[in-house]
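Notes to accompany the following structure.
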Amino acid sequence: MTENAGTGKGRTRGAGAAEGAAREATAGAQEAANAATGAAQKMSENFAAAATNATQQMSEGVEATIARIRELNERAIEAARSAGLSSLDAYEKALRSFVSVEERLANASQLDWVKAIVGAQAEFVQNISGTYLNAARDVLNSTVPSSGSSGSTGSTGSSGASGSTGSSTSAR
């Protein structure tokens, strides 16, 4: 019996040591799990901050690109407007020269009916071209070329231009 009693104590001591080791292992595992959770949470926060920073930088880059595109578009529109106005000036000069030749031809003719026809044709060309030129200039000089304002510019420009054509063309 003594042998058995001694063996029983050995088992109790062994079981107690195993339980203690298990408790220590569990506590160690719990600490490791807590540390891993904290590290994962910190990494998640760092990642979120980095993602927010990257999104903000990308947004700023996109906004800067859009601003450059707008500036380039404005320059292109202004260059096209300037080229259009120059073309209209050259066209007007050529038409004035043509009308001048027609008027000289009419004045040089001995026949009254030729004078009347050529003079009427010169006046017609002068009035029509003046209306066209004034309407085209109104469209090119409009400040904001949107669908609403260009439609109203075209309607007022063509009716208003025919009344001012004679004065602006003959003044030049």
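The values are calculated or read from the model by the stated rules, or taken from the named source; none is laboratory data. For clarity, every value in this text was computed on a predicted model and none was experimentally measured. Heads up, the Cβs are rebuilt from the backbone with ideal geometry, glycines too, and the neighbour counts pull from every protein chain shown.
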* Can L95 be described as surrounded by 10 or more Cβ atoms within 10 Å (Cβ to Cβ), part of a helix (DSSP H, G or I) and in contact (Cβ under 8 Å) with a residue 12 or more places away in the chain? -> yes
* Quick one: is A76 among the aliphatic types (A, V, I, L, M), over 28 Å from the mean Cα position of the chain (by Cα) and modelled with pLDDT of 90 or more? -> no
* Of the residues V101, V62, which single one is closer than 30 Å to V118 by Cα and surrounded by 10 or more Cβ atoms within 10 Å (Cβ to Cβ)? -> V101
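Would you mind stating whether A136 is farther than 24 Å from E102 by Cα, at pLDDT 55 or above and surrounded by 17 or more Cβ atoms within 10 Å (Cβ to Cβ)? Reasoning before the result, please.
Values: farther than 24 Å from E102 by Cα: yes; at pLDDT 55 or above: yes; surrounded by 17 or more Cβ atoms within 10 Å (Cβ to Cβ): yes.
Criteria met by A136.
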